[in-house]
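The structure under discussion appears below in the form of structure tokens.
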Amino acid sequence: MAKSLRVKYVCSNCDTPSTSWAGRCKTCEQWNTLVEQVEVNTATAGGSGSILKTSNVTTASKNTLPRIITGLVEADNVLGGGIVPGSVNLLAGQPGIGKSTLLLQIAYNIAKNYKVLYVSGEESPQQVALRAERLGAEHKDLQLAASGVTNDIASTISAGNYAAVIVDSVQSIALNEISSAAGSVAQITNSTQLLTAAAKSSGTALLLVGHVTKEGSIAGPKVLEHIVDVVLQLEGDRYGGFKILRALKNRYGATTEAGIFEMTNKGMQAVDNPSAALLAERYITDGSIVTATMEGSRALLVEVQALVNPTSYGYPKRTASGIDLNRVNLLIAMLERRTKLKLADKDIYLNIVGGIRLTEPAADLAICMAIASAAKGMQLNKNAVVIGEVGLSGEIRHVPYLDKRIAEAHKLGFKVVVGPFMRSGRKPSTLTSVSNIKDALNNFLK
Ligand code: TYD
Ligand code: MG
């Protein structure tokens with residue numbers, strides 16, 4: 001590792017480099033756009049390099065080390081079978097969602113086979129040790145350190161004494177050479193670059209914690225997501241409910257898997273039968289509809305709840321938790337136009353139970369049925385699971401993985417599935433197909 005790093009200034013607007021800082025870029029004349037940047041591993045451009053040593057595609061992969069198993073099956077699945085040595089993995093999530101807890105558990109599991117270092121820039125070693133004691137995650141090969149200095153962490157990684165290093169968090173570490181505070185764009189980018197270079201050169205697996213902004217995106221520059229190999233996101237409600245671990249980017253595996261966890265007094269535990277847990281406290285009234293959503297490659301039964309009240313102020317209020325409000329407004333507009341429901345003078349509240357976020361259109365029909373059921377004070381006439389995308393003409397459209405969703409409904413004891421017509425293949429006996437929203441409301445609400 002270079003002892004002292006060279007710093008240059010680059011305009012974030014036009015990318016012009018400069019040796020000193022100035023308030024205004026000389027090239028594009030924008031104010032306050034010069035950002036500090038450390039030069040890591042700058043190779044001389046042009047023809048002065050040596051000829052690359054290449055390896056054959058059939059033999060290159062055979063020299064790699066086996067993946068490091070995290071010991072948490074759900075996390076291993078999301079990672080595509082464990083952590084790749086020398087890879088850089090970013091775990092992002094809301095404060096208090098359980099990032100530090102999850103990584104400490106993973107660190108403990110890895111320590112059973114390898115040496116692991118947990119560096120915290122936010123907590124003291126005593127605090128981390130207390131948490132480890134509570135989690136029963138104490139092991140002689142799990143080392144702790146508190147540091148906010150990227151240079152020191154990079155040197156430690158480069159020394160190659162650890163198979164895996166966890167840095168909690170990338171927003172709390174800073175390079176000595178850069179004057180801006182930890183958490184700034186320049187610090188996050190350069191710290192990650194330096195740590196990545198150290199991890200790659202020593203073959204150390206690096207796990208970084210990343211904070212997210214109020215809007216839910218990873219705090220700091222987008223380039224952070226480009227530098228790292230794997231971006232994992234921990235989502236859910238921080239005050240209980242399920243936490244879902246998802247890969248947003250994975251250079252070593254698919255991004256289709258999702259892990260479902262729950263925070264317990266023993267840390268993050270995988271949920272065995274999430275559908276059953278989500279429906280366990282269900283109280284069947286009007287406005288409650290169960291739908292099947294895909295979480296990664298598995299189906300999950302979730303309850304959609306709606307409340308419809310007369311508007312007491314001039315403008316009707318629409319609130320949605322766990323689902324995009326724009327989608328809800330679109331469906332409300334469709335319902336008004338295509339059915340006899342009058343919703344213009346109604347407040348509508350929607351909630352998805354268990355901290356689950358519904359992001360796919362396959363939940364449309366369940367949302368429409370929940371709103372209609374709440375508005376009319378009627379319930380489903382059968383104990384059914386409702387699946388289907390609804391178009392603006394009120395037509396019920398096909399959804400992917402219909403058979404998986406039906407199988408999950410069947411497993412949880414639902415005898416009927418209300419859904420779209422099957423495009424091909426044999427129609428399962430439990431599927432009751434419906435072609436438009438009007439028929440769906442007329443036939444299934446009582
Ligand atoms: P934490 O991992 O610190 O969240 P993050 O690093 O994402 O900010 O933990 C979040 C919450 O989890 C914390 O408020 C307390 C709770 N918790 C438990 O319920 N059980 C436990 O065993 C632990 C360690 C934490
Ligand atoms: Mg934390």
Considering every residue within the stretch 38-47, establish whether at least one is modelled with pLDDT under 85, outside the structural domain of Ala174 (by TED's automatic domain parsing) and over 30 Å from Ile153 (Cα atoms). yes
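Given the structure, is Ala409 touching a Leu at 6+ places or on another chain (Cβ under 9 Å), buried (at least 23 other Cβ atoms within 10 Å of the Cβ), closer than 26 Å to Arg298 by Cα and not assigned by TED's automatic domain parsing to the domain that holds Ala258?
Details: touching a Leu at 6+ places or on another chain (Cβ under 9 Å): yes; buried (at least 23 other Cβ atoms within 10 Å of the Cβ): yes; closer than 26 Å to Arg298 by Cα: yes; not assigned by TED's automatic domain parsing to the domain that holds Ala258: yes.
Taking the combined requirement at face value, the residue satisfies it.
Run down Ile188, Ile157 and say which single residue is closer than 27 Å to Gly98 by Cβ and modelled with pLDDT of 95 or more. Don't jump to the end; show me each part of the working.
On the way: Ile188 fails: modelled with pLDDT of 95 or more.
Within the list Ile188, Ile157, the selection yields Ile157.
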Of (1) modelled with pLDDT of 95 or more; (2) away from ligand 1 (no atom under 15 Å from the Cβ), Thr64 satisfies every one except (1)
Which numbered condition Leu102 fails, given (1) within 11 Å of ligand 1 (Cβ to nearest atom); (2) at pLDDT below 95: (2)
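Test Tyr118 against the criterion of being among the aromatic types (Phe, Trp, Tyr), assigned by TED's automatic domain parsing to the domain that holds Leu194 and more than 14 Å from ligand 2 (Cβ to nearest atom), and give yes or no.
Details: among the aromatic types (Phe, Trp, Tyr): yes; assigned by TED's automatic domain parsing to the domain that holds Leu194: yes; more than 14 Å from ligand 2 (Cβ to nearest atom): no.
Against the criterion (among the aromatic types (Phe, Trp, Tyr), assigned by TED's automatic domain parsing to the domain that holds Leu194 and more than 14 Å from ligand 2 (Cβ to nearest atom)), Tyr118 does not qualify.
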Test Ser393 against the stated conditions and say whether it is out of contact with any Asp or Glu (no Cβ under 8 Å at 6 or more places or on another chain), in contact (Cβ under 8 Å) with a residue 12 or more places away in the chain, assigned to a loop (DSSP other than H, G, I, E, B) and of a type in the set (Gly, Ala, Ser). yes
Cβ-Cβ below 6 Å, separation at least six or inter-chain, first residue in the stretch 299-320 and under 30 Å from Glu257 (Cα atoms) and in the same structural domain as Asp347 (by TED's automatic domain parsing), second at pLDDT 90 or above and of a type in the set (Lys, Arg): which pairs? Ala299/Lys404; Ala299/Arg405
At pLDDT 95 or above, closer than 15 Å to Gly267 by Cβ and within 15 Å of ligand 1 (Cβ to nearest atom): which single residue out of Ala107, Ala137 fits that description? Ala107
Residue match in the stretch 83-95 (condition: more than 16 Å from ligand 2 (Cβ to nearest atom), at pLDDT 80 or above and exposed (fewer than 14 other Cβ atoms within 10 Å of the Cβ)): no
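The values are calculated or read from the model by the stated rules, or taken from the named source; none is laboratory data. Quick caveat, the model's predicted, so the values are computed rather than measured. Neighbour counts run over all protein chains shown; Cβ positions are idealised from the backbone, glycine included.
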